[in-house]
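The values are calculated or read from the model by the stated rules, or taken from the named source; none is laboratory data. In this text, all values refer to a predicted model and were calculated from it rather than measured experimentally. We place every Cβ from the backbone using ideal geometry, glycine too, and count neighbours over all the protein chains shown.
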Amino acid sequence: MTLPIQPDIETVLESCAQTLREVLLPEIESEWGRYCGDLCVASLEYALGLLEGDRNAGRREELAAAIERLRSEVAAADGDEWSAALRAASPFGAASALLVAAQNAPGPLADRVRAELHPLLHAQLDSEMSAAMPLFAAFAKNMVGR
């Protein structure tokens with residue numbers, strides 16, 4: 001037998017987070033229990049954000065575009081490290097390799113690579129940190145106690 005209308009995963013997760021936060025957490029007496037409950041709520045809320053779509057898809061596209069803007073300058077540079085960076089399997093890998101090459105070979109190209117990639121990577125990190133903030137808050141509460 002099946003249900004005529006299957007609940008969607010978002011509804012299930014939201015219901016679990018709300019029940020944990022509003023019903024179970026107030027009843028838990030131990031600090032450890034409350035911490036675990038807070039962490040479960042935060043994890044459920046983070047999972048809800050993941051259901052909204054693949055955040056990394058947009059980030060990959062942004063990085064790929066930035067790397068393309070750098071490609072001709074990097075390809076013209078002397079050095080195997082610069083060339084190898086462009087052959088990385090993913091834009092994340094390429095960006096990382098380009099920044100390592102920039103650290104190892106200071107100069108105008110290194111400055112250009114950092115100027116192109118740092119703001120973009122910082123913005124992506126800020127976005128992910130915002131999405132993960134409930135998890136950090138749960139850890140912080142445990143560290144300082146209630």
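Only one of the numbered conditions (1) more than 25 Å from His118 (Cα to Cα); (2) free of Cβ contacts under 8 Å to residues at least 60 places away in the same chain; (3) crowded, with 16+ Cβ neighbours inside 10 Å is not met by Arg34, and that is (2). The sole residue among Ala75, Ala66, Ala84, Ala89 that is in the same structural domain as Val113 (by TED's automatic domain parsing), among the hydrophobic types (A, V, I, L, M, F, W, C) and outside any helix (DSSP H, G or I) is Ala89.
For the stretch 68-97, taking the residues that are surrounded by 12 or more Cβ atoms within 10 Å (Cβ to Cβ) and of a type in the set (Asp, Glu), the one that is farthest from Leu120 (Cα to Cα) is identified as Glu81.
Against the conditions (1) part of a loop (DSSP other than H, G, I, E, B); (2) in contact with a helix residue (DSSP H, G or I) (Cβ under 6 Å, 6 or more places away or on another chain); (3) among the aliphatic types (A, V, I, L, M), Leu48 satisfies every one except (1). Consider Ala101 carefully, then state whether it is in the same structural domain as Asp111 (by TED's automatic domain parsing), among the hydrophobic types (A, V, I, L, M, F, W, C) and over 17 Å from His118 (Cβ atoms). Spelling it out, it is not the case that Ala101 is in the same structural domain as Asp111 (by TED's automatic domain parsing), among the hydrophobic types (A, V, I, L, M, F, W, C) and over 17 Å from His118 (Cβ atoms). What do you reckon, is Val41 closer than 27 Å to Phe139 by Cβ and in contact with a helix residue (DSSP H, G or I) (Cβ under 6 Å, 6 or more places away or on another chain)? Yes; evaluated as a whole, the condition is true for this residue.
Of all residues being surrounded by 13 or more Cβ atoms within 10 Å (Cβ to Cβ) and under 17 Å from Glu62 (Cβ atoms) in the stretch 98-115, which is farthest from the chain's Cα centre (by Cα)? Just the residue, please. Within the stretch 98-115, the match that is farthest from the chain's Cα centre (by Cα) is Val113.
Close contacts from the stretch 124-143, counting a first residue that is within 16 Å of Trp32 (Cα to Cα) and touching a residue at least 24 places away in the same chain (Cβ under 8 Å) and a second that is of a type in the set (Gly, Ala, Ser) and surrounded by 13 or more Cβ atoms within 10 Å (Cβ to Cβ), with Cβ to Cβ under 6 Å and a gap of 6+ residues or different chains, come to Leu135/Ala42; Ala138/Ala42.
If the condition is being assigned to a helix (DSSP H, G or I) and either at pLDDT 90 or above or in contact with a Cys (Cβ under 9 Å, 6 or more places away or on another chain) (or both), then the stretch 26-41 contributes Cys40, Val41.
Of the residues making up the stretch 38-57, at least one is more than 20 Å from the chain's Cα centre (by Cα), closer than 15 Å to Pro134 by Cβ and touching a residue at least 12 places away in the same chain (Cβ under 8 Å).
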